[in-house]
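Below is one structure, written out as structure tokens; comments come after it.
The values are calculated or read from the model by the stated rules, or taken from the named source; none is laboratory data. What you are looking at is a predicted structure, and each value in this text was computed from that prediction instead of being measured. Cβ placement follows ideal geometry from the backbone for every residue including glycine, while neighbour counts extend to all protein chains displayed.
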Amino acid sequence: METEILARIQFAFTVGFHYIYPPLSIGLGLILVLFESLYLKTKNEDYHQLARFWTKIFAITFGIGVATGIVMEFEFGTNWATYSRFVGDIFGSALAAEGIFAFALESGFLGILLFGWNRVPKWVHLVSTIGVFLGSMFSAVWIVVANSWQQTPAGFHIVGKGFSARAEITDFWQMVFNPSSVDRLTHTWIGAFLAGSFLVLSVHAYYILKGKHLDISKKAFKIALFVATFFSLAQLFTGHKSADGVAKNQPAKLAAMEGHYVKNAPADLYLFGWVNQNTQKVNGLRIKGGLSFLVHQDFNKKIIGLNHFPKDEQPSQVNAVFQFYHLMVLIGMTLIGLTVLSLFYLVKGNLYEKKWLLRIFVFSAILPQLANQFGWFTAEMGRQPWVVYGLLRTDQAFSQAVSANQILFSLILFFFVYLLLFLLFIYMLNKKIKHGISDLEDKSKLSLNAKYE
């Protein structure tokens, strides 16, 4: 296998595995803020127990996320030297801002969040929880800004030529607010809120089905359901806004997302299908002119197709981009259906009697994770053959000094290390869930008020 392909597979594997955890940290951070705020407002001990229980889950997620993210920084230098040289000034600024504005805030309050129970006043602990939550969100800001710059470069000029060429910032804020950063950031944030809220829904649906911690789980399920419903509906709008940006700034990616080949013609919207890249046809269920309507509010408006671009500037895996995009949309609509239906039953007062629905929620935690992964695959594979859109091709960006065998060996090694970390994460998560909330319920109520005022 070629060095470039192996380098791409390795980076996709390590980033994809890492991307399981930061969205969970952000989403659980929001849930923790809600639980603690409700406890401070109502003095209801159940919310305190929920906050303490989910802080333990948050700690596991946060720790694994940090461990799995370190590898990527080294891969930039070892496997993607030309790319690192080209984007070093851009990424250096963004990642430095992440360290200053995100990690400092997050790490400064993390110790109080984890170990400050019964040791600091309640409002101080809430402030620390908010600080960790905001730090995780700010961290996402700078990562998404850096990645968005690759999609829609702005605020720079090119210095040097050939392999020595590099992009230098000429306008920091234009770089930060490049044409796709805000849309992609809101889309990413909401995906994280859904990942966290659906994990909470999954765990407490399990408890309700098992008849454990019923009162406290119903409270948690209700809160998480409101969060999930709001953000699943909001994701529909941010997704549409992001797709509008793709239509404007990356028309080849949009064409690949719907398998649209004709140079300049009205484009159909497919509910599902299969792209035959040899015949340049899509077999599936479609809405005629649907993509044209979504982009231009006109079924007959023309959309630029893949054949408008030279063959070597088209995404090489059109069907993969098509499938990942449509799977992401399908999951998004499923989340809306699940949450709206559950909210309907909640209003009627018989939600917790719907055992079949609760069983679905037990397994629903995987859905936002899959949607996040599929969305990322769509964005990155749809950008090909560019690693920096319109400026640096992927086949020019990898390290020339690294051999395919070296990358393959490290890929196999990473696979087993990451598999071990994943199994450890599942074991610890399962252990905490199976153990339940009873230890906190039994022990803390007696001594809490004396020390936690």
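Looking only at residues of the range 288-335 that are in a loop (DSSP other than H, G, I, E, B) and among the basic types (Lys, Arg), we find that the one that is surrounded by the fewest Cβ atoms within 10 Å (Cβ to Cβ) is Lys288. If you check Tyr39, Tyr21 for being buried (at least 20 other Cβ atoms within 10 Å of the Cβ), among the hydroxyl-bearing types (Ser, Thr, Tyr), within 17 Å of Gly196 (Cα to Cα) and in contact (Cβ under 8 Å) with a residue 40 or more places away in the chain, only one passes: Tyr21. Restricting the first member to the range 240-261 and to residues that are hydroxyl-bearing (Ser, Thr, Tyr), and the second to residues that are assigned to a helix (DSSP H, G or I), the beta-carbon pairs closer than 7 Å and six or more apart or on different chains are Ser242/Asp183; Ser242/Arg184; Ser242/His187; Tyr261/Leu306; Tyr261/Asn307.
Residue check: is Gly16 surrounded by fewer than 23 Cβ atoms within 10 Å (Cβ to Cβ), of a type outside the set (Val, Ile, Thr), over 22 Å from Ala228 (Cβ atoms) and at pLDDT below 85? No, not satisfied. Out of everything in the range 347-372 that is under 21 Å from Val15 (Cβ atoms) and surrounded by fewer than 18 Cβ atoms within 10 Å (Cβ to Cβ), what residue ends up being nearest to the chain's Cα centre (by Cα)? Here the answer is Leu370. Taking the stated definitions as given, is Ala51 buried (at least 23 other Cβ atoms within 10 Å of the Cβ) and small (Gly, Ala, Ser)? For Ala51, the condition - buried (at least 23 other Cβ atoms within 10 Å of the Cβ) and small (Gly, Ala, Ser) - is met. Only one residue in Leu134, Leu114, Leu95 is assigned to a helix (DSSP H, G or I) and in contact with a Leu (Cβ under 7 Å, 6 or more places away or on another chain), so which one is that? Going through Leu134, Leu114, Leu95 in turn, just one is assigned to a helix (DSSP H, G or I) and in contact with a Leu (Cβ under 7 Å, 6 or more places away or on another chain): Leu134.
Listed by first and then second residue, the pairs linking a residue in the range 83-99 that is in contact (Cβ under 8 Å) with a residue 60 or more places away in the chain to a residue that is among the basic types (Lys, Arg) and not in a helix (DSSP H, G or I), with Cβ atoms under 7 Å apart and 6 or more places separating them unless they lie on different chains, are Arg85/Arg166; Phe86/Arg166; Gly88/Arg166; Asp89/Arg166.
Only one entry of Val145, Val87, Val141 meets the criterion of being within 18 Å of the chain's Cα centre (by Cα), buried (at least 19 other Cβ atoms within 10 Å of the Cβ), more than 17 Å from Gly29 (Cβ to Cβ) and aliphatic (A, V, I, L, M), and that entry is Val145.
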